[in-house]
Amino acid sequence: MTYTPYHPQSLEPALQQRWEAEGRFRAPAYPDGEKFYALAMFPYPSGQLHMGHVRNYSIVDAIARYQRMRGKTVLHPMGWDAFGLPAENAALKNGSAPAAWTFSNIEHMRGQLRRLGLSYDWSREIATCTPDYYRWEQWLFLKLYERGLVYQKLSAVNWDPVDQTVLANEQVVDGRGWRSGALVERREIRQWFLRISAYADELLAGLDSLQGQWPEQVLAMQRNWIGRSEGAEIHFPLADGSGVIKVFSTRPDTLFGATYLAVAPEHPLAEQAAAANAQIAAFLARCKQGAVSEASLETQEKEGVYLGIEVRHPLTGALLPVWAANFVLMGYGEGAVMSVPAHDQRDFEFARKYGLPLRVVIRVDDADPGADELQAAITAPGTLIHSADFDGLPSAVAKVAITEALAAKGLGQKTINYRLRDWGISRQRYWGTPIPMIHCPHCGVVPVPEAELPVVLPTHYQLHDPRSPLRDDPTFLEVACPKCGAAAQRETDTMDTFVESSWYYARFACPDAEQMLDQRAAAWLPVDQYVGGVEHAVLHLLYARFFNRLLRDVGLLPKDGAHDEPFRRLLTQGMVLKDGSKMSKSKGNTVDPQAILDRYGADTARLFILFAAPPEQSLEWSDQAVEGAHRFLQRIWRMVQEYSLPLTPLPVRLGPAARELRRAVHQCIERVSSNMAERQHFNVAIAACMELSNQLGRVEAAPGEDLHAVLGEGLQALLLLLSPFAPHLTEALWERIGDGQALFTHPWPEVDAEALRSDTVSLVIQVNGKLRERLDFSATSSPAELEQAVLTHPDMARHLSGKEVRKVIVVPGRLINIVVA
Ligand code: ANZ
Ligand code: ZN
């Protein structure tokens, strides 16, 4: 027998060119029939594909190809999240322009994606750094500004005093500027914010509709991030009668245990006190040092200073001192807390450090520990003590009663607080979407008129230092005020790159629309299956859920309830590990996908990566397993070539061997099918195919025999089932033994229930209720025949000899129990 050797290095590119020339994976403008939108989180064009990409895209491609075979109209697009810091950093290092660097990376990576044989509709490709894309983001910004969903406020940034520029959090390494090495300072500057907090409740409620469709862990992380807490706003009148300090507390039941207040260093009262006291001023200045990331606030040593101010307890009238403390956040609640050191651990430590008093007001068991004996705060709810009229109430009841008592005096009310902060989208960086605003000396902030969009980002700069070149370029900067015509200046902040990735999935539905989105978006959305890394559990996935609602509320998506959520189903794929740790350049344990493609081809790479682990778990790289995947494909190649044509229809009656083989074929179809759609355990699906290929490989049959016909059916099924994973090899072989219909839209094979029916049943045999044997019988036997068969079965002799059989109980399909004396 002669056959062509398996040579993926030439076979695969030839097929890929054909797919491209035929426009095979183009989606129509509108779905005809049932749609399926499959999407992988689009990549940052860093220069090279890594194995994480290969895994992500292989998963989505398998799903997209499967859904096509299920008869769905599939949309499967790809694009580039092309703005961001790495382009600037690379430009600084090698003097290139960020745009040129970005586009050449896109060029290279697009080639790599093609080489993987991913079934994208490339006609919809998007690069977010092109004006065609970001102009709509500027347009939306203006719409949101009109609606009060965009605003400016003072906010802290990392300031590099040597480079004289703002640094991104990633550019601060151990509190120092990454280039200058200078100690970073905190500065307050005016920045642009999106009012995501206005959607907090809706974003929280929407999570319920994703239950079962999104990983539980991601839902939990979003719930925490939104962080709804119910509590009370409590007013403490200033002792000098000049006003009140408001605090937010989730534990109004501990109100009688409050022994002092603590305000944020940025709180107006702290700043007032600092004006008259150098020691306080020095403390506040110290708080302003250091980087602004949340992590650095969490870990810093808790410190404070007494402000020389007193307030009255709203219910007892007792005088309490007011401190400023570095752990109180200006942006949360009221920027002030009532400190209850006996029941809050942070307050406990602070009180012990500064010698402030403790009052125990909650009892969790019978003991009433004296304040001096406490080793740690008692944080659990319990029963109130030392709390006047509220003594004896459980915490939950007391929360309501105390809040009502405060409300009656006009000194408080029930409130809900969210941890979710408004989204600061200003970046003092160059390589991003320009914020379409103008600063006029007479009119203040003036939006760029819609007709003048886009505000195009100039791309010709050579970067020499981290300062944004926009700030020094008069041709960008200088502009006439749209309102009064006076000489004005453009905003030089650009948008956070998370803005681009918050709506790209919608633009893919109508990439050439002459508006942000047109009718096609509603027809394709929501994304039916989204796949990406779990590191995006909150920011990206929350922002996209927010943007989808903004798009709806400006009229670009229908308010029909079916378009609130952007991603119907989410799969978070696991990491690719080598030697037990995440592949990374810094660890030097990467495997370059290009090398695997060159050596084995795309089908092997894809098959290995899907076979090695279930998609959501981490995957350990193994050179041997790659070899194994390759050998498997070679075996299939040989088997199909060796099959002597023509295929013949199945005879009406099959002999036992043919029946058994056919059952194996249909069991495989069943296992693969259930793992494609529901569980998405592609590794199990591939294992089933491997098992079937072994069974088919053992068959020896000549044309004309029933076994030969079933073998043909089996080989066909195998190619269909493997085509989502190894699309090139299966398509090439399908040309030899297929049924003339194109493989990529061929109907997915159906399970024949008749074929699954077994000739034999396996029954558990008990003697006096104890498990003794497991024996096979003909599936068509009657209970009487079974009784006869089991008693005379040679394997039963040792259990029954010399015993008197009293009774035989047959439970059809399950077991036979023999009662002996
Ligand atoms: C008194 C109290 C007693 C508190 C007690 C807790 C335990 P969550 O659940 O995250 O909403 N807090 C309020 N505003 C703050 C701010 N701006 N910066 C730092 N901490 C602040 O947290 C609510 C609790 O965090 C509030 O309840 C308040 O301390 C503190 F036994 O009030 B609590
Ligand atoms: Zn003006």
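The values are calculated or read from the model by the stated rules, or taken from the named source; none is laboratory data. These numbers were taken from a predicted model, which means no experiment stands behind them. Quick reminder, even Gly has a Cβ in these numbers, built from the backbone with ideal geometry, and neighbours come from all protein chains shown. Please note that ligands, DNA and RNA were not included when accessible areas were found on the heavy atoms of the full protein model with its side chains. Shrake-Rupley method; radii C 1.70, N 1.55, O 1.52, S 1.80 Å.
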- The one condition in (1) in contact with a strand residue (DSSP E or B) (Cβ under 9 Å, 6 or more places away or on another chain); (2) among the acidic types (Asp, Glu); (3) surrounded by 13 or more Cβ atoms within 10 Å (Cβ to Cβ) that residue 795 fails to fulfil: (3)
- Task: Could you check the stretch 1-105 for helices (runs of 4 or more DSSP H) lying wholly inside it with 1 or more residues that are surrounded by 16 or more Cβ atoms within 10 Å (Cβ to Cβ) and modelled with pLDDT of 95 or more?
- Result: 8-22, 51-69
- Considering residues that are crowded, with 16+ Cβ neighbours inside 10 Å, in contact with a Ser or Thr (Cβ under 8 Å, 6 or more places away or on another chain) and not aliphatic (A, V, I, L, M), the number found within the stretch 223-250 is 3
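From the set of residues in the stretch 319-342 that are touching a helix residue (DSSP H, G or I) at 6+ places or on another chain (Cβ under 6 Å) and within 10 Å of ligand 1 (Cβ to nearest atom), which is nearest to residue 272 (Cα to Cα)? So that I can check it myself, show each step before the final result.
To start, the set of residues in the stretch 319-342 that are touching a helix residue (DSSP H, G or I) at 6+ places or on another chain (Cβ under 6 Å) comprises 324, 326, 339-342.
Remaining after also requiring within 10 Å of ligand 1 (Cβ to nearest atom): 339-342.
On the way: 339: 21, 340: 25, 341: 26, 342: 30 Å.
Within the stretch 319-342, the match that is nearest to residue 272 (Cα to Cα) is 339.
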- Query: Can we say residue 336 is out of contact with any Lys or Arg (no Cβ under 8 Å at 6 or more places or on another chain), under 30 Å from residue 424 (Cβ atoms) and open to solvent by less than 10 Å² (accessible area, probe 1.4 Å)?
  - Reply: no
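Consider the stretch 74-99. How many of its residues are of a type outside the set (S, T, N, Q) and free of Cβ contacts under 8 Å to residues at least 40 places away in the same chain? I'd like the intermediate steps shown before the answer.
Just the residues of the stretch 74-99 that are of a type outside the set (S, T, N, Q), to begin with: 74-88, 90-93, 95, 97-99.
Filter once more, so that each one left must be free of Cβ contacts under 8 Å to residues at least 40 places away in the same chain: 90, 93.
Number satisfying all stated conditions: 2.
Filtering the stretch 758-771 down to residues that are within 22 Å of residue 821 (Cβ to Cβ) and out of contact with any Lys or Arg (no Cβ under 9 Å at 6 or more places or on another chain), which residue is least open to solvent (accessible area, probe 1.4 Å)? So that I can check it myself, show each step before the final result.
Filtering the stretch 758-771 for residues within 22 Å of residue 821 (Cβ to Cβ) gives 764-771.
Right, trim to out of contact with any Lys or Arg (no Cβ under 9 Å at 6 or more places or on another chain) and you get 768-771.
Numbers: 768: 85, 769: 43, 770: 121, 771: 107 Å².
Only one residue tops the list, namely 769.
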- Query: Quick one: in the stretch 581-607, which of the residues that are without any contact (Cβ under 8 Å) to a residue 12 or more places away in the chain and closer than 21 Å to residue 61 by Cβ is least open to solvent (accessible area, probe 1.4 Å)?
  - Reply: 595
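Within the stretch 421-444, restricting attention to residues that are assigned to a strand (DSSP E or B) and open to solvent by 40 Å² or more (accessible area, probe 1.4 Å), which residue is farthest from ligand 2 (Cβ to nearest atom)?
Initially, the stretch 421-444 is screened for residues assigned to a strand (DSSP E or B), giving 423-424, 426-427, 434, 437-440, 444.
Going one step further and asking which of them are open to solvent by 40 Å² or more (accessible area, probe 1.4 Å), we end up with 427, 439.
Working: 427: 25, 439: 9 Å.
The selected residue is 427.
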- Tell me which residues, restricted to the stretch 254-293, are over 30 Å from residue 362 (Cα atoms), crowded, with 19+ Cβ neighbours inside 10 Å and over 42 Å from the mean Cα position of the chain (by Cα). 273, 274, 280
- Task: Just one of (1) more than 14 Å from residue 251 (Cβ to Cβ); (2) of a type in the set (Gly, Ala, Ser); (3) in a loop (DSSP other than H, G, I, E, B) trips up residue 407, so point out which.
- Result: (3)
- Query: Can you name the condition, by its number, that residue 418 falls short on among (1) more than 16 Å from ligand 1 (Cβ to nearest atom); (2) open to solvent by less than 70 Å² (accessible area, probe 1.4 Å); (3) among the hydroxyl-bearing types (Ser, Thr, Tyr)?
  - Reply: (1)
- How many of the residues making up the stretch 472-492 are open to solvent by 30 Å² or more (accessible area, probe 1.4 Å) and either within 16 Å of ligand 1 (Cβ to nearest atom) or under 38 Å from the mean Cα position of the chain (by Cα) (or both)? 1
- Message: Would you confirm, using the coordinates I've provided, whether residue 457 is open to solvent by less than 20 Å² (accessible area, probe 1.4 Å), more than 9 Å from ligand 2 (Cβ to nearest atom) and at pLDDT 95 or above?
- Response: yes
- Message: Between a residue in the stretch 700-714 that is over 18 Å from residue 739 (Cβ atoms) and any residue that is open to solvent by 40 Å² or more (accessible area, probe 1.4 Å) and not in a loop (DSSP other than H, G, I, E, B), which pairs come within a Cβ distance under 7 Å, given they are 6 or more apart or on different chains?
- Response: 707/657
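For the stretch 343-383, give me the residue count where each residue is in a loop (DSSP other than H, G, I, E, B) and more than 8 Å from ligand 1 (Cβ to nearest atom).
Filtering the stretch 343-383 for residues in a loop (DSSP other than H, G, I, E, B) gives 343-344, 355-361, 364-382.
Now narrow it down to the ones that are more than 8 Å from ligand 1 (Cβ to nearest atom): 355-361, 364-376, 378, 380-382.
So the answer is 24.
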- Residue among 412, 432 that is within 16 Å of ligand 1 (Cβ to nearest atom) and touching a helix residue (DSSP H, G or I) at 6+ places or on another chain (Cβ under 9 Å): 412
- Query: With (1) within 27 Å of residue 465 (Cβ to Cβ); (2) under 22 Å from the mean Cα position of the chain (by Cα); (3) not aliphatic (A, V, I, L, M) as the list, and residue 42 as the residue in question, which single condition is left unmet?
  - Reply: (1)
